[in-house]
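Notes follow once the structure below has been shown.
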C-alpha cells in the first residue's frame, strides 16, 4: 500500500522559520522592561547569550548546519570520531568496569563477585598499601573466571608490584593464556605526575615484552590522565596530555625496536567523564580523532588506529556534602561517556569522596550503567550524538584546541619535558584560577553544594580510607572543597555550642514582596551551613527587637523594590541603633533609594562572591575554620 508523503510531513502546515524571526523573539525577551534608550541590538543580545568554556570555546545560543560542515563519516573507520568500531545493537555495548580498592580482602572479594554476578563485565583493582595488597591480589580475585572477566590493575605507589601480582595470578590460573584479558596498568608519566618525580619510561619495554607474546589479550600500558583532570585540567588539556603521552610511549617503544603497529596495541586510554554531558561526548570523539591521525602518521594500519578509551566518572566532581546528588552527577557522566563511544565505563560510588563505599553505594554505581544500557538502550546506537550541529562543532573546537597544545608540547621537547619542567602544572594552574572564580560566584554551580543546599544537613557516616603515603606531585582537588570546608566549620561550631552560627533575615512586607529574595538569601546562607532566624513584617522597632532577641550580628533585608523604597532605610537604621554589626540587602542597593553612607554594608545578589561573603560572615560570628 502506498503512503501519501504529505501524511508524514508533520511540519507541512507551518511556514519555515527564519533566523530573523528567531532573532526578533530573542530581542523581545531580552529587551522586555528595558528603557527605550537601552534596548539591545541582536549582536549585543547574542553576546549576552554566548557562554565561554574553561577551554576558551565560545558556545553560542543557536547552531546551524554551517557549524558542522564536512562529511559525517561512519563508526569504525578513519578518523574514528564516531567510535573505534560500530556498535552491534547489543544492550551492553561497553565494558561495565567497577573499581575495587578496599584493603579488607573479605570485603573486596565479595564485592568483586557481587559486581560480576550483577552486571559488571570486568574488574579494576587498585593495588597499593592503602588498597588491595599486591601479595593478596590472588585472594581478592578468588572465584573470578579470568577467561570471562578481564582484570585491570593500577597503582599509585608501586606499578611494578601491581603488574607482577596480576601476571602471577594469570600464570597460576591454569587457563589458556590466549583466553585471558586485562591490563597491567604501567604508566610512567602518571606515576611522575602523582609523585613529582622525573619520568622513567624504562619499565615499559620490559612489561610490554612480558605480555605481547605470552598473553596476547593483556595490555601492558595505560595512558591515564585522571591525575591531570583531578588537578584541574580542562577538557582540551586532558586530550592533549593523553595524546602527547601516547606519542612518548610509541616513540620509546619504537626506539626499542617495536613497530608502531605492534606498540599501539599495548596502549589503553583512561579519561574522566563529567556532568557536562556534551563536553564529555565531544572529548571522547576528539580524542579518537586526534589519536587516529597520530597513528596514521606513524604508519599504523587503519584497523588499529581507533583508541581504546576507558571513561571514569570524575573524582573531582564528587562532593562530600549532600552526597546523594553524586548519583545524578555520575548518571549524567555515564550518559556522556556512553554517547561518546567509551569502550569501558567506571562509575564511582556516590560516597567516593567521603570514604570507602558500602554495598549499597556500590550497587547504585553499578546499576547506573546497567540501567543505562539495558533499560535506556544507550548502547544500541553508534554515536547517537553524531550529526548534531552543536556536538560536531564542539568536537571540532576541542580537537583544534587540544592539537594546538600537543604541538606546543612536542615543540618544547615532548610530554616528559613538559611534566618535568612544570609546564603541565602551570597550564593547569591557569585553568584553576578561572574555575575558582566561577565556583566562588556560582557561575559554575554545584547542586546541593553551592546551589540549593539542604537545610539541616549532617555529615555522611562513611568507612574512612586508610592513611596513605604522601604524594609530592600534582595536587588533587575537588570542586566542592571550598564549600565543604565552610559547611564542616559550621557543623563543628554547632557541636561545640549546641547551635549552628546564625544569620537573621528581616523579611519586609508581605510574602509576595519578600518571598523571592528570601529564598535567594536563604540559599546563600545555607551554602555555609549557617542557621537562619527570620522576622516577617513589623515596624522597624519590632524588627530590631526580634533581631537583638535572637542575638543577631548579621541581618539581611529581604523584599521587593517597592517595599525597599519605603522601609529599607528606617529598618536598617533601627537595626544599627540596636547594635547589629552588619546589614546586607538582598537585591540591588539602588532600590532602597538614598542610603546614608555606611548604613548598609553590601548586597546579596547574582554574581556575588559567595565564598568571600561566607568567609567574612564566619569571621564576624567567630566560627573557626
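Starting from residues that are touching a helix residue (DSSP H, G or I) at 6+ places or on another chain (Cβ under 6 Å) and surrounded by fewer than 24 Cβ atoms within 10 Å (Cβ to Cβ), keep the ones in the range 328-338 and report whichever is farthest from residue 476 (Cα to Cα).
Only one residue tops the list, namely 335.
What is the one condition in (1) part of a helix (DSSP H, G or I); (2) in contact with a strand residue (DSSP E or B) (Cβ under 6 Å, 6 or more places away or on another chain); (3) free of Cβ contacts under 8 Å to residues at least 40 places away in the same chain that residue 207 does not satisfy?
(3)
Could you check the range 503-617 for strands (runs of 3 or more DSSP E) lying wholly inside it with 1 or more residues that are more than 30 Å from residue 491 (Cβ to Cβ)?
Qualifying strands (runs of 3 or more DSSP E): none found.
So which residues in the range 351-365 are in contact with a strand residue (DSSP E or B) (Cβ under 9 Å, 6 or more places away or on another chain) and part of a helix (DSSP H, G or I)?
Of everything in the range 351-365, those that are in contact with a strand residue (DSSP E or B) (Cβ under 9 Å, 6 or more places away or on another chain) and part of a helix (DSSP H, G or I) turn out to be 362, 365.
Residues being under 19 Å from residue 391 (Cα atoms) and in a loop (DSSP other than H, G, I, E, B): count how many of those fall in the range 315-350.
Number of matching residues: 3.
Could you go through the range 96-117 and let me know if any residue there is in contact with a strand residue (DSSP E or B) (Cβ under 6 Å, 6 or more places away or on another chain), buried (at least 20 other Cβ atoms within 10 Å of the Cβ) and free of Cβ contacts under 8 Å to residues at least 40 places away in the same chain.
yes
Take the residues in the range 178-202 that are over 30 Å from residue 317 (Cβ atoms) and surrounded by fewer than 18 Cβ atoms within 10 Å (Cβ to Cβ), then tell me which one is farthest from the chain's Cα centre (by Cα).
Among those residues, the one meeting the criterion is 178.
Give the residues of the range 573-621 that are on the phi > 0 side of the Ramachandran plot and crowded, with 16+ Cβ neighbours inside 10 Å, sorted by residue number.
Scanning the range 573-621 gives a single hit, 587.
Taking the condition in a helix (DSSP H, G or I), under 25 Å from the mean Cα position of the chain (by Cα) and more than 15 Å from residue 604 (Cβ to Cβ), does residue 486 pass?
For residue 486, the condition - in a helix (DSSP H, G or I), under 25 Å from the mean Cα position of the chain (by Cα) and more than 15 Å from residue 604 (Cβ to Cβ) - is met.
If you check residue 456 against the conditions, is it modelled with pLDDT under 95 and on the phi > 0 side of the Ramachandran plot?
Yes, satisfied.
The values are calculated or read from the model by the stated rules, or taken from the named source; none is laboratory data. The structure presented is a predicted model; accordingly, all values stated were derived computationally and were not measured. Because the Cβ atoms are built from the backbone with ideal geometry, glycine has one as well, and the counts that use them run over all protein chains shown.
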